[in-house]
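Heads up: the structure comes next, in structure tokens.
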Amino acid sequence: MMRIFGLLVVNVLAVIVAVWVIGDLVATRAMRRAGDEIWPAGLGTLASAEARARPQKTNDAARRLVALSAPLGITLKTGAPKDPVMAAFAEYVKAEYVRAEPAIGEPPAGILSFFSAHETEIDALRDHLLRAEPITWDLDVSKGFDAPIPNLLGQMQVSWLLSARALVRARGDDVRAGDDLHAVWRLRHSLESRSELISQLIALAMARTVNAVAWKLPAANMDWLEETRKVDHRRLLLGAYQFDTWMIWRYVEGSTMGASMTTVRPYFRRSIADTTHRQRLVAEEVAAMTACRFDGAAFSKRMTESIPEWNIFAQIAMPNFGAVWQRAFRTLAEREATMNAMRIAQGQPIVAQSVCSDGAWRYENDRLSFSIDLPQGNESERAMPLSLAIPARGTRRSI
């Protein structure tokens with residue numbers, strides 16, 4: 001009897017081992033397939049993402065930016081504290097770029113006092129951004145989740161400061177306003193080459209601010225705006241989305257190699273392979289879209305519901321990017337709004353055709369309008385309106 005029981009135990013163990021071995025082989029092949037799948041928008045395979053994230057070092061231009069920001073109360077080295085003055089810049093800029101008319105409101109007295117007291121320092125900061133070599137910050141993806149990330153909050157504070165001064169100067173038709181805003185665009189450019197999603201989100205936020213402010217400024221010395229219209233923010237975000245997926249595929253998968261994970265390794269690796277495959281499908285769907293009316297909440301819900309119940313990892317780890325894609329599609333129309341607003345101010349006809357296949361522009365009764373409503377990233381987000389009151393050949397006025 002004991003012999004029979006022993007044989008039964010051996011057979012059961014043999015079956016378990018066989019199932020584990022087969023499961024591990026299947027999971028390993030699935031991981032390899034996930035790495036070899038071609039991503040849309042010319043991004044290549046997931047396995048090649050690391051090679052495209054070339055290491056870079058913080059250069060002298062970046063160190064100089066740190067030094068020039070310090071006298072203004074902005075730190076770019078470590079976490080930036082919440083400065084009430086910087087918060088005032090942000091609030092002023094946001095309040096003005098959601099105003100659907102060329103009028104620019106009066107800034108708080110504290111902002112004017114700050115500009116007066118620090119004019120020389122702000123000029124030095126702006127000139128550095130306009131004239132220095134491209135700024136680079138440490139980037140080393142081989143460190144995985146410990147890879148260095150620049151102080152993005154501090155950079156946002158620089159962008160709010162310069163955008164606020166551009167608006168204040170525009171109130172007096174000061175053509176130097178364009179230089180202040182151009183400096184914000186140059187600062188944004190320093191993040192464009194980075195791989196991580198958070199850097200691309202900040203770069204997009206800066207680009208949207210530049211666009212929303214630009215149409216209210218004097219038209220002189222604004223030729224650089226053509227560059228802003230050529231940037232494909234959706235592809236940059238897709239690249240960052242792929243990089244985040246690569247981090248899961250490359251580094252989370254590595255955590256399954258320890259002895260403590262041996263038992264569940266086939267399941268965990270199969271879950272990661274399925275997750276990365278699903279994220280590529282999301283990227284393909286977003287890349288193929290031509291309509292700009294994107295329902296981020298519905299999209300996220302559909303993606304979440306498509307995850308099989310057995311893949312607990314995907315249910316936890318797959319990012320909810322619906323609001324991000326929604327923002328990216330709206331940005332296309334926002335750029336066209338600025339372009340057409342500036343054409344109207346110069347007495348030129350608008351470009352009615354949109355890159356959005358579901359919308360078009362019209363200018364009637366001194367109002368520029370997009371033919372459809374486009375949702376914002378979320379209810380609390382403040383975005384540039386897509387219906388602007390613009391008198392033909394109107395002169396700028398302040399309120």
Note to self: As an exercise: evaluate Met257 against (1) surrounded by fewer than 22 Cβ atoms within 10 Å (Cβ to Cβ); (2) closer than 26 Å to Val141 by Cα; (3) modelled with pLDDT of 95 or more and give the number of the one condition it does not meet.
What the structure shows: (3)
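Filter the range 335-356 down to the residues that are open to solvent by 70 Å² or more (accessible area, probe 1.4 Å) and more than 30 Å from Ala287 (Cα to Cα) and list them by number. Give the derivation first.
To start, the set of residues in the range 335-356 that are open to solvent by 70 Å² or more (accessible area, probe 1.4 Å) comprises 346, 348-349, 353, 355.
Residues satisfying the conditions are Gln346, Gln348, Pro349.
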Notebook entry, point to check: Is it the case that some residue within the range 21-39 is open to solvent by less than 70 Å² (accessible area, probe 1.4 Å), within 30 Å of Tyr267 (Cβ to Cβ), modelled with pLDDT of 85 or more and assigned to a loop (DSSP other than H, G, I, E, B)?
Noted result: yes
Notebook entry, point to check: Which of (1) touching a residue at least 40 places away in the same chain (Cβ under 8 Å); (2) more than 22 Å from Ala345 (Cα to Cα); (3) surrounded by fewer than 22 Cβ atoms within 10 Å (Cβ to Cβ) does Ala220 not meet, given it meets every other one?
Noted result: (2)
Next item on the list: Scan the range 368-395 residue by residue and report those that are closer than 21 Å to Gln346 by Cα and either modelled with pLDDT of 75 or more or open to solvent by less than 60 Å² (accessible area, probe 1.4 Å) (or both).
Entry: Leu368, Ser369, Phe370, Met384, Pro385, Leu386, Ser387, Leu388, Ala389, Ile390, Pro391, Gly394
Margin query: Restricting to the range 199-246, count the residues that are closer than 25 Å to Leu167 by Cα, in a helix (DSSP H, G or I) and aliphatic (A, V, I, L, M).
Written below: 12
Notebook entry, point to check: Do we find a residue being of a type in the set (Gly, Ala, Ser), without any contact (Cβ under 8 Å) to a residue 40 or more places away in the chain, within 21 Å of Ile372 (Cβ to Cβ) and open to solvent by 60 Å² or more (accessible area, probe 1.4 Å) anywhere in the range 297-319?
Noted result: yes
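Conditions (1) part of a helix (DSSP H, G or I); (2) open to solvent by 60 Å² or more (accessible area, probe 1.4 Å), marked per residue:
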residue: Glu50; (1), (2): yes, yes
residue: Arg63; (1), (2): yes, yes
residue: Ile74; (1), (2): no, no
residue: Val85; (1), (2): yes, no
residue: Phe89; (1), (2): yes, no
residue: Thr120; (1), (2): yes, yes
residue: Asp123; (1), (2): yes, no
residue: Leu130; (1), (2): yes, no
residue: Ser142; (1), (2): yes, yes
Next item on the list: Please enumerate the residues belonging to the range 177-198 that are over 18 Å from Arg165 (Cβ atoms) and among the hydrophobic types (A, V, I, L, M, F, W, C).
Entry: Leu191, Leu197, Ile198
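Could you check how many residues of the range 172-198 are small (Gly, Ala, Ser), open to solvent by 20 Å² or more (accessible area, probe 1.4 Å) and within 22 Å of the chain's Cα centre (by Cα)?
Step one: filter the range 172-198 for residues small (Gly, Ala, Ser), giving 172, 177-178, 183, 190, 193, 195.
Now drop any that are not open to solvent by 20 Å² or more (accessible area, probe 1.4 Å), which leaves 172, 193.
Narrowing further to those that are within 22 Å of the chain's Cα centre (by Cα): 193.
Selection size over the range 172-198: 1.
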Checklist line | Condition broken by Leu162, with the remaining ones in (1) within 24 Å of the chain's Cα centre (by Cα); (2) modelled with pLDDT under 95 satisfied | finding: (2)
Next item on the list: Keeping to the range 357-367, report how many residues are assigned to a loop (DSSP other than H, G, I, E, B), open to solvent by less than 60 Å² (accessible area, probe 1.4 Å) and either under 26 Å from Gln346 (Cα atoms) or small (Gly, Ala, Ser) (or both).
Entry: 1
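The values are calculated or read from the model by the stated rules, or taken from the named source; none is laboratory data. What you see is a predicted model, and the numbers here were worked out from it, not measured in a lab. FYI the Cβ positions are ideal-geometry reconstructions off the backbone, even for glycines, and counts take in every protein chain you see. Just so you know, the surface numbers come from the protein's heavy atoms only, side chains and all, with ligands and any DNA or RNA stripped out. Shrake-Rupley method; radii C 1.70, N 1.55, O 1.52, S 1.80 Å.
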